[in-house]
Amino acid sequence: MNTSSLLEVIKLKFSSPESKNSQPVALLNYSSDFDLSSKNQLKFKGQFGKVAAVFLLLRENQGEVQVIFTRRSRNLSSHPGQISFPGGIVEPEDCSILNAGLREVKEEIGLDKNRIQTLGTLCPHETLSKFLIYPFVGIMDGASEFKMNTSEVTEIFEVPLGFLLNKKNMTEHRFQKNKKYAGYYALPYGPYYIWGATARIIKSFVERIYG
């Protein structure tokens, strides 16, 4: 399948969110880091207090559809040094979660919202650090250039969408301590170890495409 056809398939799987609907009224369904934990840890599920928005950005590059990732600065207070999607916390002045995501993309990688075609959303994801992340999916203008904010991001890189869509590349890990266990998903790609919430969001995206 060529890149244009693949992007058209992806577009059909999403409906464009209206600004008035980008701020959720009720949370009906979400994934959680606690989903792979032992039952005695499930009591902590649903205690998130912070809301964030990220963008799974697609673009055509060198004949392939690529997905944009960042490596977070080690100076950040939350998830330092980890691989993530561009995005960040929703601030009180943001008029919607979608606008917060677009603002954060601009702040982190210098990509203006006018360069992004927002396709829709995936189900939110809850982290152990008590964030609830709303993932938006968008297609960026392939000719756009990034301007990295080095205080928040230390690297911007791309992964072929075909690699992410191959379910064999997604691995599930579990670890146990004092009769309690927890788990996470991961997608190692070259020198990059994509895991945790970012990997789980990718899993939701793949399930949407194949669903």
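Residue pairs, Cβ under 7 Å, 6 or more apart or interchain, first in the range 43-57 and more than 20 Å from Phe85 (Cα to Cα), second β-branched (Val, Ile, Thr) and surrounded by 15 or more Cβ atoms within 10 Å (Cβ to Cβ). List them.
none
Among the residues that make up the range 160-182, is at least one of them at pLDDT below 95 and part of a loop (DSSP other than H, G, I, E, B)?
So far as the range 160-182 goes, yes, one or more of its residues are at pLDDT below 95 and part of a loop (DSSP other than H, G, I, E, B).
Pull out all pairs, ordered by first then second residue, where Cβ-Cβ is under 8 Å, the residues are six or more apart or on different chains, the first lies in the range 23-37 and is within 28 Å of His173 (Cβ to Cβ), and the second is modelled with pLDDT of 85 or more and of a type in the set (Gly, Ala, Ser).
Short answer, once both residue conditions are applied: Ser31/Ser204; Asp33/Gly196; Asp33/Ala197; Leu36/Gly183; Ser37/Gly183.
For the range 104-146, which residues satisfy the criterion of being at pLDDT 95 or above, out of contact with any strand residue (DSSP E or B) (no Cβ under 8 Å at 6 or more places or on another chain) and not polar (S, T, N, Q)?
Once the filter is applied, which keeps residues that are at pLDDT 95 or above, out of contact with any strand residue (DSSP E or B) (no Cβ under 8 Å at 6 or more places or on another chain) and not polar (S, T, N, Q), the range 104-146 yields Lys106, Gly110, Asp112, Lys113.
Could you tell me whether the range 97-120 includes any residue that is farther than 24 Å from Gly211 by Cα, in contact (Cβ under 8 Å) with a residue 60 or more places away in the chain, out of contact with any Asp or Glu (no Cβ under 7 Å at 6 or more places or on another chain) and basic (Lys, Arg)?
For the range 97-120, residues farther than 24 Å from Gly211 by Cα, in contact (Cβ under 8 Å) with a residue 60 or more places away in the chain, out of contact with any Asp or Glu (no Cβ under 7 Å at 6 or more places or on another chain) and basic (Lys, Arg): absent.
Counting only residues that are within 14 Å of Thr154 (Cα to Cα) and surrounded by 23 or more Cβ atoms within 10 Å (Cβ to Cβ), how many does the range 57-83 have?
Result for the range 57-83: 1.
Take the residues of the range 104-118 that are more than 19 Å from Ala143 (Cβ to Cβ) and under 15 Å from the mean Cα position of the chain (by Cα): which is surrounded by the fewest Cβ atoms within 10 Å (Cβ to Cβ)?
Residue satisfying both the conditions and the ranking: Glu104.
Go through the range 187-205 residue by residue and tally those that are assigned to a strand (DSSP E or B) and surrounded by fewer than 19 Cβ atoms within 10 Å (Cβ to Cβ).
Within the range 187-205, residues that are assigned to a strand (DSSP E or B) and surrounded by fewer than 19 Cβ atoms within 10 Å (Cβ to Cβ) number 5.
Please determine whether any residue of the range 41-48 is at pLDDT 95 or above and either aromatic (Phe, Trp, Tyr) or closer than 14 Å to Phe157 by Cβ (or both).
no
The values are calculated or read from the model by the stated rules, or taken from the named source; none is laboratory data. The shown structure was predicted, so the numbers you read here are calculated from the model rather than taken from an experiment. Positions of Cβ are generated from backbone atoms using ideal geometry, with glycine treated the same way; all protein chains shown enter the neighbour counts.
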